[in-house]
1. Tell me, please, whether a residue that is at pLDDT 95 or above, among the aliphatic types (A, V, I, L, M) and in contact with a helix residue (DSSP H, G or I) (Cβ under 9 Å, 6 or more places away or on another chain) can be found in the stretch 181-202.
2. For the stretch 94-114, give me each residue that is crowded, with 18+ Cβ neighbours inside 10 Å and assigned to a helix (DSSP H, G or I).
3. Scan the stretch 159-177 residue by residue and report those that are crowded, with 22+ Cβ neighbours inside 10 Å and of a type in the set (S, T, Y).
4. Within the stretch 1-48, track down each residue that is under 20 Å from the mean Cα position of the chain (by Cα) and more than 28 Å from H200 (Cβ to Cβ).
5. Out of the residues in the stretch 126-147 that are buried (at least 16 other Cβ atoms within 10 Å of the Cβ) and either in contact (Cβ under 8 Å) with a residue 60 or more places away in the chain or in contact with a strand residue (DSSP E or B) (Cβ under 8 Å, 6 or more places away or on another chain) (or both), which is farthest from R193 (Cα to Cα)?
6. Any idea how many residues of the stretch 178-220 are buried (at least 21 other Cβ atoms within 10 Å of the Cβ) and acidic (D, E)?
7. When the stretch 59-89 is examined, which residues are found to be modelled with pLDDT under 95 and among the polar types (S, T, N, Q)?
8. Of the residues L156, L123, which is surrounded by 18 or more Cβ atoms within 10 Å (Cβ to Cβ) and not basic (K, R)?
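The values are calculated or read from the model by the stated rules, or taken from the named source; none is laboratory data. Remember, it's a predicted structure, so these values are computed and weren't measured experimentally. We place every Cβ from the backbone using ideal geometry, glycine too, and count neighbours over all the protein chains shown.
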Amino acid sequence: MPDIKTLLLTIFVLTSVLHLYASWRDDKRLRGITKPFLLAFLAAYSLVSSDFRVSWLSLALIACWLGDVLLIPKGHGWFTAGGVSFAIAHILFILVYAERVDFASVPYFVIVPVALIYYAAGLWVIRAIKDTTPKPMVVPMYLYLIANATMNVFALMLALSGAEKGAVIAYVGAALFFLSDCALFIVRYHSRRDIVPKRHFTVMLAYLLGVLYITLGIAG
């Protein structure tokens with residue numbers, strides 16, 4: 001019999017595969033059915049991995065779960081609410097990394113240029129969609145990408161400081177999360193809706209792999 005952690009992780013993977021299949025087929029009904037369950041199983045895995053002590057990681061995954069649920073309905077209001085929840089998740093992920101980083105060992109001559117590249121990439125995304133995005137949302141969306149980018153910077157600091165053996169995996173997950181958010185903004189608001197191939201599938205594949213790698217890198 002598999003232990004509870006293996007069972008929860010297996011259910012997450014199977015549910016994710018089903019959701020990605022629905023995304024590939026553009027089956028809106030099946031996407032809507034499966035999406036609320038995805039992060040629930042991963043958050044439960046994190047909670048079990050920490051011996052049922054609530055950690056920053058568990059709280060971040062719960063915030064992601066809430067963001068997923070809020071993004072299911074259509075409309076700018078729901079999209080904004082989901083974005084707020086995910087922004088909170090990124091702040092919590094920053095706390096996950098910050099409490100593990102050996103700041104004295106961080107090569108800041110690498111970190112600073114990489115941080116600038118992330119912030120510039122976020123600005124490029126916003127510039128690409130600003131003419132077709134409701135004006136009150138433009139600045140908050142860029143602030144959101146800054147939060148995600150900062151989370152990535154802290155993940156990279158952890159990976160380069162050598163403080164955690166799973167840190168490289170966690171950073172890959174963070175980078176995929178950033179890629180997913182950039183793709184999501186383009187899919188939602190770019191004038192060319194087909195600019196991202198298999199848009200729902202692409203966004204969710206990067207997102208699900210991202211949160212999985214972050215979780216395994218930290219809790220696995």
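1. Within the stretch 181-202, not a single residue is at pLDDT 95 or above, among the aliphatic types (A, V, I, L, M) and in contact with a helix residue (DSSP H, G or I) (Cβ under 9 Å, 6 or more places away or on another chain).
2. I94, V96, Y97
3. Matches in the stretch 159-177: Y171 only.
4. L47
5. So, considering only residues that are buried (at least 16 other Cβ atoms within 10 Å of the Cβ) and either in contact (Cβ under 8 Å) with a residue 60 or more places away in the chain or in contact with a strand residue (DSSP E or B) (Cβ under 8 Å, 6 or more places away or on another chain) (or both), the one farthest from R193 (Cα to Cα) is A147.
6. 1
7. T80
8. Details: L123 fails: surrounded by 18 or more Cβ atoms within 10 Å (Cβ to Cβ).
After applying the criteria, what remains is L156.
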